[in-house]
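*Asks:* Here you go, one structure.
The values are calculated or read from the model by the stated rules, or taken from the named source; none is laboratory data. A quick note: this is a predicted structure, and the numbers were derived from the prediction, not measured. Positions of Cβ are generated from backbone atoms using ideal geometry, with glycine treated the same way; all protein chains shown enter the neighbour counts.
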Amino acid sequence: MACGPRFTPHPKSVPGDFYVEKGQCPACGIPHVIAPDLIGWTNEKAQHCFWKKQPENPAELEQAIAVLEAQEAGCHRYAGTDPLILNRVLSTNCDYPQSTSNLAEAAPNVPHFALLDDGPSLLAKVWRTITGRSS
Ligand code: SF4
């Protein structure tokens, strides 16, 4: 972890580049299906995701990236700076996203569509409006 998370991780999560933001959970349950070895329920009165472990091998890294791709509320984030991971995760879910020029250098043959690749999903926008979270 280079600079640390931009938002407050749920305290039950193990430290690392992948984290879930504390207090942003409408209990969708999606990550538990995609990465049951990495993500668990906190078993608090109000259910919340937490990272049981950070990815330690290529298969687990694929699951971690899939969690960030599948989530709708934007609560799971990547706080690392690995360009190979940054190139695969929406910049809105990264604490330290690559600039567009860096993206072009890292993946010169992959087209980048700002409206499709950078914008949060409609549900994420609605959820952020409801919770008052600005970014
Ligand atoms: S992905 Fe987000 S909304 Fe869904 S269960 Fe985890 S913390 Fe809650």
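*Asks:* Collect the residues in the stretch 1-37 that are within 14 Å of the ligand (Cβ to nearest atom) and among the aliphatic types (A, V, I, L, M), keeping them in residue-number order.
*Replies:* VAL20, ALA27, ILE30, VAL33, ILE34, ALA35, listed by residue number.
*Asks:* Collect the residues in the stretch 50-63 that are surrounded by 18 or more Cβ atoms within 10 Å (Cβ to Cβ) and within 13 Å of the ligand (Cβ to nearest atom), keeping them in residue-number order.
*Replies:* PHE50, TRP51
*Asks:* OK, next. Go through ALA59, ALA64 for me and flag whichever is modelled with pLDDT of 95 or more and within 15 Å of GLY16 (Cα to Cα).
*Replies:* On the way: ALA59 fails: within 15 Å of GLY16 (Cα to Cα).
Result of the check over ALA59, ALA64: ALA64.
*Asks:* Name the single residue that is nearest to ALA66 (Cα to Cα) among those in the stretch 38-49 being within 11 Å of the ligand (Cβ to nearest atom) and in contact (Cβ under 8 Å) with a residue 12 or more places away in the chain.
*Replies:* Taking the stretch 38-49 first, the residues within 11 Å of the ligand (Cβ to nearest atom) are 39-42, 46-49.
If we keep only those that are in contact (Cβ under 8 Å) with a residue 12 or more places away in the chain as well, we get 39-40, 42, 46-49.
On the way: ILE39: 12, GLY40: 15, THR42: 21, ALA46: 24, GLN47: 21, HIS48: 18, CYS49: 15 Å.
Within the stretch 38-49, the match that is nearest to ALA66 (Cα to Cα) is ILE39.
*Asks:* Out of all the residues in the stretch 52-90, which are of a type outside the set (S, T, N, Q) and in contact with a Gly (Cβ under 7 Å, 6 or more places away or on another chain)? Steps first, answer last, please.
*Replies:* Residues of the stretch 52-90 of a type outside the set (S, T, N, Q): 52-53, 55-56, 58-62, 64-70, 72-80, 82-86, 88-90.
If the condition is that a residue be of a type outside the set (S, T, N, Q) and in contact with a Gly (Cβ under 7 Å, 6 or more places away or on another chain), then LYS52, ALA79 are the ones that fit.
Here's the yes/no breakdown for (1) in contact (Cβ under 8 Å) with a residue 40 or more places away in the chain; (2) closer than 23 Å to CYS28 by Cα; (3) surrounded by fewer than 16 Cβ atoms within 10 Å (Cβ to Cβ); (4) more than 11 Å from the chain's Cα centre (by Cα):
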site	(1), (2), (3), (4)
LEU68	yes, yes, no, no
HIS76	yes, yes, no, no
ALA79	yes, yes, no, no
ASP82	yes, no, yes, yes
LEU90	no, yes, no, no
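*Asks:* Further question: Is the stretch 34-44 home to any residue that is of a type in the set (Phe, Trp, Tyr) and in contact with a strand residue (DSSP E or B) (Cβ under 6 Å, 6 or more places away or on another chain)?
*Replies:* In the first step, residues of the stretch 34-44 are kept if they are of a type in the set (Phe, Trp, Tyr); the result is 41.
Those left that are additionally in contact with a strand residue (DSSP E or B) (Cβ under 6 Å, 6 or more places away or on another chain): none.
No, that holds for no residue.
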